[in-house]
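Worksheet: the structure to be examined is printed underneath.
The values are calculated or read from the model by the stated rules, or taken from the named source; none is laboratory data. Not measured: the values here are computed from a predicted model. Here the Cβ is made from the backbone with ideal geometry for all residues, glycine too, and neighbour counts use every protein chain on show. Please note that ligands, DNA and RNA were not included when accessible areas were found on the heavy atoms of the full protein model with its side chains. Shrake-Rupley method; radii C 1.70, N 1.55, O 1.52, S 1.80 Å.
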Amino acid sequence: AINEEADDESDLLPRAPIVTVMGHVDHGKTSLLDHIRNTNVIAGEAGGITQHIGAYNVTLQDGRQITFLDTPGHEAFTAMRARGAQVTDIAIIIIAADDSVMPTTREAIAHAQAANVPMVFAINKIDKPGANPDKIREDLSQMNLLVEEWGGKYQCQEISAKKGIGVDELLEKVLLEAEMLELKANPNRRASGSIIESSLDKGRGYVSTVLVSNGTLKQGDYVVAGTSYGRIKAMFNERNQRIDKAAPAEPAIILGLNGAPTAGDSFHVMETEQEAKEIAGKRERLQREQGLRTQTR
Ligand code: GDP
């Protein structure tokens, strides 16, 4: 029912890369993301990002932008991929230099490979006395992942997320990887994208964080997402400031849907509320029928 016409090459403009950080617990994912957010807040904007949000956009000193997806565990790759959403462009695999490549690290690598998402390795905690980054490179080589400094194809950066060492260089490598992907989108069409997370807020009703993959999402748009639909009453950025639109690769918190779509559901802007309602209704009926069928088995 949703007519997704392909874009004309001439309508496509460069967009920011969407990046996910994955790794074993305690290897420093949170510290790295915190450092990146705290050092790259847009000039003049005090406070930075206060609440947890599943996706946010950072602007580097030179104006280039990166969108980070920050979902728990490997959700960005599992739950979301299971629903057909391929959201991430590049994966940062973080590994602590005083530890080893752990089972979760292997899992993260396997997810990125299965999704055909390029990886950049961050060897963290190099400030620690027990750090042995060569051991990590060795572990990786045994998985057939040879890093650039050993003659392989994988970009790798030693960092200390805690002290901020090497993080700018890491982001530089991520942006280099992004350049090779030639990521583009058409900002001049009705938006589509993915649901990152949803919840029911006592004061505001259903609240969803969405990531626009194509087009520009605007306040007042009629949206269908999963079995929910509605007109966007208000939009916010990750700093809880009102915005009236979100361009490709930009996240937005939206108010106005009549339900909480699941992470990984796609969303589409429709021309009329009636269209959005019909599609949501059709999906709901389909779900109910499928539910009945499994019950009677
Ligand atoms: P996560 O579970 O992967 O999100 O890991 P965290 O970011 O919470 O880090 C786990 C622990 O390692 C915390 O105590 C951090 O302070 C510490 N840590 C993270 N990065 C570094 C680093 O670069 N150097 C040192 N010395 N400690 C770090």
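The three principal axes of the Cα atoms in the range 147-297 give end-to-end lengths of 57, 45, 32 Å, sorted in falling order.
Distances between placed amide hydrogens fall under 5 Å for Phe267 paired with Gly193, Ser194, Ile195, all partners being 5 or more residues away or on another chain. Suppose we keep just the DSSP beta bridges with both residues in the range 168-297; what percent of those would be antiparallel, to 5? Bridges in the range 168-297 are about 95 percent antiparallel. Using only side-chain charges placed at the Cβ, +1 for Lys and Arg and -1 for Asp and Glu, the dipole size of the chain relative to its Cα centre rounds to 1180 debye. When DSSP beta bridges are restricted to pairs lying wholly in the chain, around 65% turn out antiparallel. Other residues with beta-carbon under 12 Å from the beta-carbon of Val223 carry, at +1 per Lys or Arg and -1 per Asp or Glu, a net charge of 0. Shown here for the range 202-259: trypsin sites (Lys or Arg not before Pro) in loop regions (DSSP other than H, G, I, E, B) with at most 12 other Cβ atoms within 10 Å, namely Lys202.
Measuring against 25 Å, Cα to Cα, the residue pairs Lys125/Lys184; Lys135/Lys162; Lys163/Lys245; Lys135/Lys163; Lys29/Lys218; Lys125/Lys153 contain Lys125/Lys184; Lys163/Lys245; Lys29/Lys218 as the ones spanning a longer distance. Think of a 1.4 Å ball rolled over the protein heavy atoms: the range 238-297 then has 60 Å² of accessible area per residue. Per residue, the range 93-172 exposes an accessible area of 46 Å² to a 1.4 Å probe, with every protein chain left in place.
Computed over protein heavy atoms with a 1.4 Å probe, the carbon and sulfur contribution to the accessible area of the chain reaches 46%. Applied to the range 17-32, the Karplus parametrisation 6.51 cos²θ - 1.76 cosθ + 1.60 on θ = phi - 60° returns per-residue 3J(HN,Hα) values of x, 10, 10, 10, 9, 9, x, 5, 4, 6, 7, x, 4, 4, 4, 5 Hz, with x for Gly and Pro. Of Thr20, Thr105, Thr272, the residue with the greatest mean-square motion in the GNM of the chain, using alpha carbon springs below 10 Å, is Thr272. Mind giving me the FRET efficiency for Ala110 and Glu182? R0 is 35 Å, r the Cβ-Cβ distance, nearest 0.05 is fine. With a Förster radius of 35 Å, E is 0.85. Relative to the 2.2 N^0.38 Å rule of thumb, the range 235-297 has a C-alpha radius of gyration ratio of 1.48.
Close amide H pairs (under 5 Å, H built 1.01 Å from N) link Val120 with Ala91, Ile92, Ile93, residues at least 5 positions away or on another chain. With the Kirkwood sum run over all distinct C-alpha pairs, the chain has a hydrodynamic radius of 20.3 Å.
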